[in-house]
Amino acid sequence: MRLLKQGMRGSDVAEVQTRLKTWGYNPGPIDGIFGPMTLKAVIQFQTARGLKPDGIVGPITYNELQKSPSLPGTIPYIIKSGDTFYKLAQTYGIPLASLIAANPGVDPNKLYIGQQIRIPQTTRKRSVAAWIPYWLQAEAFAVVQNNPDLFTTLSPFWYELTSDGGLNVLTNGEDPTIINYSKSHGMDIVPLITNNYQSQPLSAILNDPALRHKHIQAIVNKVSQMGYAGIEIDYENLLVTDKEVFVLFLRELKTALGVNKKVVATLMAKTNSTGNTSGATAQDYYGIGQVVDTVRIMAYEYSYTTPGPIAPANWVKQVFTYAVTVIPREKLEAGLPTYGYDWGTRRTAVSYQDAMNTAKTFNVPIIEDSQNGPHYNYTSNTDIPHEVWFTNARNFKTLLEIVKQLNLHGIAIWHPGNDDPAIYEVIRNS
């Protein structure tokens, strides 16, 4: 190539401008004209790379430009409207100084839309929780036993709220095998209480101080009696009018349990304070995040009534990008799916292996999609069209990257068992 310097024009100048932009420098418009802005960007690049800052693009500078701008311990990010280094540092939970240091040559005060920068990644041990449904307890627990190095917390579905404020033990509840295994392997056991999606009985308990106290005492007694590390509250379809009293209930529960026992709140996903359903609107992310130890957000069921992805990556990122603005990220766990749905005349839950077997049976190709999950279409033997969306390790890895990028506390898996076994190797490698 020829030596390039200020005043020259050509496609090779445009290439240099493109490479400078990829590295995060601002050469001005990609117009093939080596003007003052391009000169300034070249000098900044040369200085940052330890080259002679003469503003001339010769073989050495050109070769450096051809290298990948990826830096160890960083991820690429494209500047969008409204972005500032301060906002990005807050979103990703990193020091502002670290963000500036990872982007030599980038002027924080002159960012432009489309500019690529680097986001430093933090490294720390993250939590991995397993939600264990009582109706698939054996299958889910088997996955835990096969991967004891991964799981930090087990949350089996063992209790249901009763209308008088008590607790009903569900089928397979209080399994001593699971309790003893978790304790012997250093895992916290934090069982889950469900309200079975019933709004009115829950509302009656929350708004009656005597019933609310009775319910809290029943939980405290159970946690103490069984030696649990804490309790998980999964009360869904909350009435909007109960938004404040639900936070009060969680605050009183945490106080009653004490500092040595955890209160985990499981919440519906939303990308703003309101959400798309009344149940999501009724959950005060900020208030709940202030009083509990851990917040698990169920980042799935994006498509429920019509065919589509279970947990599209863009939506999952929007959910947690909002969540970290109102909930401390060290309390946040991403609830991630492992299942799928087959939509025909109705929606049917399918396991990973079910989805793979059906595609094979009907000889249809599976569309690999790391962002939205693998999917395919087929026509059944009764001429009914079907659309299948499910989760595999490749798709799951994309969701894990979001957790790492936003520096969340960890993940909760819904649910181990009948899923892609490669998912657990992906978690291990991440």
| said: For the stretch 233-264, which positions are part of a strand (DSSP E or B) and either within 17 Å of Gln198 (Cα to Cα) or polar (S, T, N, Q) (or both)? | reply: Ile233, Asp234
| field | Pairs, first in contact (Cβ under 8 Å) with a residue 60 or more places away in the chain and within 18 Å of Ala48 (Cα to Cα) in the stretch 107-121, second polar (S, T, N, Q) and assigned to a loop (DSSP other than H, G, I, E, B), C-beta under 6 Å, six or more apart | value | Ile117/Asn103; Arg118/Asn103
| query | Considering only residues of the stretch 152-183 that are touching a strand residue (DSSP E or B) at 6+ places or on another chain (Cβ under 8 Å) and hydroxyl-bearing (Ser, Thr, Tyr), which is farthest from Asn221 (Cα to Cα)? | reply | Thr152
| message | So, Ala359, is that one surrounded by 15 or more Cβ atoms within 10 Å (Cβ to Cβ), small (Gly, Ala, Ser), over 23 Å from Tyr378 (Cβ atoms) and at pLDDT 95 or above or not? | response | no
| task | Note down all Cβ pairs under 8 Å where the first residue falls in the stretch 43-65 and is of a type in the set (Val, Ile, Thr), the second is part of a helix (DSSP H, G or I), and they're at least six residues apart or on different chains. | result | Ile56/Val42; Val57/Val16; Val57/Val42; Val57/Leu65; Thr61/Val42; Thr61/Phe45; Thr61/Gln46
| query | What about Ser182, is it in contact with a Leu (Cβ under 8 Å, 6 or more places away or on another chain), of a type in the set (S, T, N, Q), surrounded by 21 or more Cβ atoms within 10 Å (Cβ to Cβ) and free of Cβ contacts under 8 Å to residues at least 40 places away in the same chain? | reply | yes
| Under 9 Å by Cβ, and 6 or more places apart or on different chains, what pairs join a residue from the stretch 234-246 that is farther than 13 Å from Leu161 by Cβ with one that is of a type in the set (Val, Ile, Thr) and surrounded by fewer than 20 Cβ atoms within 10 Å (Cβ to Cβ)? | Val240/Thr281; Lys243/Thr281
| Within the bounds of the stretch 159-171, is there any residue that is over 21 Å from Tyr235 (Cα atoms) and crowded, with 18+ Cβ neighbours inside 10 Å? | no
| said: Being surrounded by fewer than 19 Cβ atoms within 10 Å (Cβ to Cβ), part of a loop (DSSP other than H, G, I, E, B), of a type in the set (D, E, K, R) and in contact (Cβ under 8 Å) with a residue 24 or more places away in the chain is true for just one of Asp369, Asp383, Asp419. Which residue is that? | reply: Asp369
| note | Glu330 meets each of (1) within 21 Å of Lys125 (Cβ to Cβ); (2) at pLDDT 95 or above; (3) not in a strand (DSSP E or B) with one exception, condition (2)
| query | Considering the stretch 76-95 alone, what residues qualify as being surrounded by 15 or more Cβ atoms within 10 Å (Cβ to Cβ) and aliphatic (A, V, I, L, M)? | reply | Ile79, Leu88, Ala89, Ile94
| Out of Leu88, Leu111, which single residue is under 19 Å from Gln318 (Cβ atoms), of a type outside the set (Ser, Thr, Tyr) and at pLDDT 85 or above? | Leu88
| Unique match (being out of contact with any helix residue (DSSP H, G or I) (no Cβ under 9 Å at 6 or more places or on another chain) and either closer than 20 Å to Val326 by Cβ or not basic (Lys, Arg) (or both)) among Thr241, Thr266, Thr274 | Thr266
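The values are calculated or read from the model by the stated rules, or taken from the named source; none is laboratory data. Here the structure is a predicted model, which means the values were calculated and not measured. Heads up, the Cβs are rebuilt from the backbone with ideal geometry, glycines too, and the neighbour counts pull from every protein chain shown.
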